[in-house]
1. List the residues whose amide H sits under 5 Å from the amide H of A:ILE77, counting only those 5 or more places along or on another chain, with H placed 1.01 Å from N in the peptide plane.
2. Put a dot 7 Å past each Cα toward the Cβ at B:ALA68 and A:ARG119; how far apart are the dots in nm?
3. Which lysines have a Cα less than 29 Å from the Cα of A:LYS148, not counting those fewer than 8 places away in the same chain?
4. Hey, what does the equivalent ellipsoid look like for the stretch A:76-223, semi-axes from the Cα gyration tensor as sqrt of 5 times each eigenvalue, largest first, whole Å?
5. Residues of the stretch A:38-72 with accessible area at least 20 Å² lower in the all-protein-chain context than alone (1.4 Å probe)?
6. With a 1.4 Å probe and every protein chain left in place, work out the accessible area per residue of the stretch A:3-71 in Å², rounded to a whole number.
7. First compute the accessible area of the stretch A:3-71 with a 1.4 Å probe, then give the percent of it belonging to carbon and sulfur atoms.
8. Using each residue's phi in the stretch B:103-108, evaluate 6.51 cos²θ - 1.76 cosθ + 1.60 at θ = phi - 60° and report the 3J(HN,Hα) Karplus result to the nearest Hz, with x for Gly and Pro.
Amino acid sequence: MHPAILQQLQAERQARRAAVLVTDLATGLAELVRDADRAGHPLSEPLSKALQSGAPVNVEQEGRSLFLNPYLPPLRIVVIGAVHISQALAPMAALAGFSVEIIDPRTAFATPDRFSTVRLYPDWPEAVLQEEPLDRYCAVAALTHDPKIDDWPIEAALRAECFYVGALGSRKTHGKRLERLRSAGLTDDHLERIRAPIGLPIRASSPAEIAVAVLAEIIAAWRSPERAGAST
Amino acid sequence: MSEAAIAMADPLEVAARWISEGRQVALATVIETWGSAPRPAGSHLVIDGDGHFEGSVSGGCVEGAVIAEAIDVLQSGMPRLLEFGVADETAWRVGLSCGGRIAVFLEPVA
């Protein structure tokens, strides 16, 4: 592979755009196909398969062995709420390979002392997420159970087709939340995608245990064959 | 501790950085797996001319062999296809103790 191809690939990854590296296994010559350019490409079918599954595809074409390796944008976990659960979730999610950010306008919670290892935004989700919009490669976990803070990012996450949208709160809290989101114009299809109560049911009790349950649920959502966008 | 320090290093980022520093770089990629294999296809290991490496193509079973081959690949400038499996008594030296087989494409980034 030529270093220039590696540079192009890294630029696509940094811009959060999906791309596939096509390598001829006999010569090592490589071509980078951007997600946007795959439609008219002679290999469009296996390229699409690689991008949708996130897994490489081997293709034999005119006596050549080609290896199609997809690169999807780094997965982002956006945590709404600089709460106790977030303090455990942030380092665990970073270790698992996710890019993590914490957003909370309550400056008493969002202090660098409590969150030294991840990006922390002591600001409203509306402000932060307009700068860095959500996309299909994002997971959003709303953990404040304060409608003023949680509702906007939950709605934005559903509209952006984030692969995971989870919200903390009792069934009663969640029931009221659904009413508010419905009156904001979200459909039942949208609302069914919210994971609530948040986290896989592992009888988590402490904040750190709940963080494990949430992280596991995010991983399960990403790996699920039914993931939004995985089969389109 | 910074986020970069606790996040696992990204092999391609490391490769790009090494190239910008003028180091020779070889890239190993798992291209196919059969049976139980510790790292899925697409996984990368990058190696420089001095044998420094980042990333993985197995659970530590065959990295040593890939790194040794990388030095040859950097000298010859030609890519190479490597296969590892647990087929014989050498399994505990270079092979996959989990019983799987993997194919690794090793190429110079040049």
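1. A:SER99, A:VAL100, A:GLU101, A:ALA139
2. Reported label-point gap for A:ARG119 and B:ALA68 is 4.3 nm.
3. Once the sequence-local lysines are set aside, what remains near A:LYS148 is A:LYS172, A:LYS176.
4. Working: eigenvalues 87, 60, 45 Å².
Over the Cα atoms of the stretch A:76-223, the ellipsoid semi-axes are 21, 17, 15 Å.
5. A:PRO56, A:ASN58, A:PHE67, A:ASN69, A:TYR71
6. On the way: 3410 Å² over 69 residues.
I get 49 Å² per residue for this part.
7. After summing per-atom areas, the C and S share lands at 49 percent.
8. 10, 10, 9, 10, 9, x
The values are calculated or read from the model by the stated rules, or taken from the named source; none is laboratory data. None of the values given here were measured: they were computed from a predicted structure. Positions of Cβ are backbone-derived with ideal geometry, glycine not excepted, and every protein chain shown enters the neighbour counts. Each accessible area value is taken on the protein alone, full model and side chains, heavy atoms only, with ligands, DNA and RNA left out. Shrake-Rupley method; radii C 1.70, N 1.55, O 1.52, S 1.80 Å.
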